[in-house]
Amino acid sequence: MKSTLDHLVIVAPDLDTGGTFVKSVLGVDLQPGGVHPRMGTHNRLLRLGPDIYLEVITINPSAKCPDRSRWFGMDQLAADAPARLVAWVARTDEIHAMSEACRNIVGDVEPMTRGKLSWQITIPADGSLPLNGSAPTLIQWEQTLHPASEMQDQGCELVALDVFDPDPEKVQALLTAINFSGPVHLHALGATSPPYLLAYIQTPSGLKTLPISNA
């Protein structure tokens, strides 16, 4: 079993707020994504390589409220919250076996769709972020071709993702359990400091850092 970095997740109160945030940092526009019927959410996308991308995801005001907690802690998002890089997703071809090693952190495997795409993904029952966003969500695509390969190439590429956490050893233990490899680096914080993510992205205008928020 092995896993690798699949995509980054920005949550926002609405798609325009998320798109403005990404444009202000990276200088590029997002492309349309689609809707997630089971979660009552929708997204916009940015390719960061042939098999990696960034998504801005928000609650879809036109969708029916799901009968369970939404993913990525979105039910707790305030209407005036800034767009935030909150999560990262690791890809595997053996999600059921792999999730058994960390089910108490990543949650159960759930089926999901967006348009013609379908996949399996781990979601905690309460919709919370695994280890407050420091640990990855797991995903297994049911398509052979990765979705990023069909996205518009705007000259952006993920260079690295830094994960800052008060207990990096716990995060590393999970990454070891899922046999993760990729440009993810762990950094220690003080015991009372909240975890956060920092992405380094090469863009047409140079190397940019995507911070936790635009506040």
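The values are calculated or read from the model by the stated rules, or taken from the named source; none is laboratory data. These numbers were taken from a predicted model, which means no experiment stands behind them. Cβ atoms come from the backbone with ideal geometry, glycine included; neighbour counts cover every protein chain shown.
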statement: Counting only residues that are of a type outside the set (S, T, N, Q) and outside any strand (DSSP E or B), region 185-205 contains a total of 6
query: Would it be correct to say that His42 is in contact with an Asp or Glu (Cβ under 8 Å, 6 or more places away or on another chain) and not polar (S, T, N, Q)?
result: no
message: Just the residues that are surrounded by 19 or more Cβ atoms within 10 Å (Cβ to Cβ) and either among the acidic types (Asp, Glu) or free of Cβ contacts under 8 Å to residues at least 60 places away in the same chain (or both), please, taken from region 20-48.
response: Leu30, Gly40, Thr41, His42, Arg44
- prompt: Within region 90-102, can one find any residue that is at pLDDT 95 or above, buried (at least 19 other Cβ atoms within 10 Å of the Cβ) and either under 24 Å from Gln31 (Cα atoms) or in contact with a Phe, Trp or Tyr (Cβ under 8 Å, 6 or more places away or on another chain) (or both)?
  reply: yes
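Of all residues in region 181-208, which are within 25 Å of Leu46 (Cβ to Cβ) and touching a helix residue (DSSP H, G or I) at 6+ places or on another chain (Cβ under 8 Å)? Even if it seems obvious, please write down each step before you answer.
If we filter region 181-208 for residues that are within 25 Å of Leu46 (Cβ to Cβ), which is where we start, we get 181-187, 195-208.
Matches in region 181-208: Val184, Leu186, His187, Pro195, Tyr196, Leu197, Ile201, Thr203, Lys208.
For region 110-147, which positions are in a strand (DSSP E or B), of a type outside the set (Phe, Trp, Tyr) and within 13 Å of Arg91 (Cα to Cα)? I'd like the intermediate steps shown before the answer.
At the first step, the residues of region 110-147 found to be in a strand (DSSP E or B) are 110-114, 117-123, 137-141.
Adding the requirement that they be of a type outside the set (Phe, Trp, Tyr) leaves 110-114, 117-118, 120-123, 137-140.
Correct list: Gln120, Ile121, Thr122, Thr137, Leu138, Ile139, Gln140.
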task: Restrict the check to region 121-136 and report whether at least one residue is surrounded by fewer than 15 Cβ atoms within 10 Å (Cβ to Cβ) and hydrophobic (A, V, I, L, M, F, W, C).
output: yes
field: Qualifying residue in region 70-81 (condition: over 17 Å from the mean Cα position of the chain (by Cα), within 28 Å of Ala173 (Cβ to Cβ), assigned to a loop (DSSP other than H, G, I, E, B) and modelled with pLDDT under 95)
entry: no
query: For the subset of region 128-159 comprising residues that are within 14 Å of the chain's Cα centre (by Cα) and without any contact (Cβ under 8 Å) to a residue 60 or more places away in the chain, which member is nearest to Pro183 (Cα to Cα)?
result: Ala135
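Determine which member of the set Val35, Val25, Val9 is touching an Asp or Glu at 6+ places or on another chain (Cβ under 9 Å), outside any loop (DSSP other than H, G, I, E, B) and not charged (D, E, K, R). Steps first, answer last, please.
Details: Val35 fails: touching an Asp or Glu at 6+ places or on another chain (Cβ under 9 Å); Val25 fails: touching an Asp or Glu at 6+ places or on another chain (Cβ under 9 Å).
So the residue among Val35, Val25, Val9 that is touching an Asp or Glu at 6+ places or on another chain (Cβ under 9 Å), outside any loop (DSSP other than H, G, I, E, B) and not charged (D, E, K, R) is Val9.
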